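Accompanying notes for the structure given below.
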Amino acid sequence: MTDTAELIRRKQAINLAVVHSDADAFIAAFPGWLEITAFISAQRARTAEAPSDGVTPALTPQQLKSGGVVHVAKDALFSYCMTASLKGDKAAVDKVEQGLKALYGDDFPGATAMWSFRSRIEEPVSLEDHVGQAAQKMLNGEPPPPPMRAAENWTTGLRFLEKARKSNFPQEIIYPLALWTRGRWSETLEKGIAFLAHIEDNVPVLREVLDEPRNDEPFVANVLLKMAPAVDRELNDEAQGFLRSLARRG
C-alpha cells in the first residue's frame, strides 16, 4: 500500500527506533522511511503515480543522493544521534553508522549528519554545531566540571530543545530530553547547589520545577525559564516569550 496510511506505519517504526535509540530498529526502518517520504513528495509534485502493485518503489542510487532524500535522511539520523547522546549511548551511534555503511557504503544517505557527532568542534557556529559539541561530551562520558555543570546543562537543554522543534521527530527527542533534564537538575539539587547564583532564591524554585511529574516539553521549557537566573543567563523578551509559550499547559 502506497498512501498516507503507509507513511504513518513507517513513521511509527522509525519513531520508536529514535525514541529508544534502538540501532537495529533504526537500520531496519531507515530505507522504508526514505522510500515512502520520497514517493509521497513525488506524488504531491505530480511526478509519480501510485504503482499498480501497491508497493512503494525502491530508491535508485541517483535518488538516494537527491537533495530531498538526503535532507530526510540527515534529519532522521541527527535525531537518532541526539537521543542516543542524551543516554550517553555511544555504542548505539557506532552501530547505526556501521549498519548504514553496510547497506549503502561509506557515503550513505545523511552521512554528513555524523560530522556533528564525530568532528572536533572548537568554535560552534550553527545550532547543529552547538548540539554536536554537547552531544560529543555526553557520548564520551565527559561531564563539565562541577562549577560549570549547571550552566552547561542549561545551555545544552536549550540547544537540544531548539533542534528538536526543527526536526521531524520532536516528541521522540523531547521525551529523552525531559528525562535527561530531570536527571541533571536533580543532580544539581543534590550535589551542586553551591555553584548556583542566589542560592536562597533559586533552590526553592528548582525544587518546585522538579516537583512536576510529567516528562514533556512544558517541563523542559519551564526548567529553562525558571533556572536561567540560577546560572546567570539573561533571556531577552523573545526568548522568554518562546519558553513561556512552551511551558504553558492547556
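Tabulated data
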{"read-out": "Where a residue in region 115-135 is more than 15 Å from L77 (Cβ to Cβ) and its partner, wherever it lies, is in a helix (DSSP H, G or I) and basic (K, R), with Cβ under 8 Å and at least six apart", "value": "L127/R159; L127/K163; H130/R159; A134/R159"}
{"read-out": "Qualifying residue in region 102-111 (condition: surrounded by 22 or more Cβ atoms within 10 Å (Cβ to Cβ) and part of a helix (DSSP H, G or I))", "value": "no"}
{"read-out": "Selection count, region 60-106, where residues are free of Cβ contacts under 8 Å to residues at least 40 places away in the same chain and either within 20 Å of G157 (Cβ to Cβ) or of a type in the set (D, E, K, R) (or both)", "value": "5"}
{"read-out": "Qualifying residue in region 191-203 (condition: under 30 Å from S21 (Cα atoms) and at pLDDT 95 or above)", "value": "yes"}
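Per-residue answers, yes or no, for (1) closer than 30 Å to W180 by Cβ; (2) buried (at least 21 other Cβ atoms within 10 Å of the Cβ):
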position	(1), (2)
L16	yes, no
Q43	no, no
P57	no, no
K65	no, no
S79	yes, yes
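The values are calculated or read from the model by the stated rules, or taken from the named source; none is laboratory data. Source: prediction; values computed, not measured. Quick reminder, even Gly has a Cβ in these numbers, built from the backbone with ideal geometry, and neighbours come from all protein chains shown.
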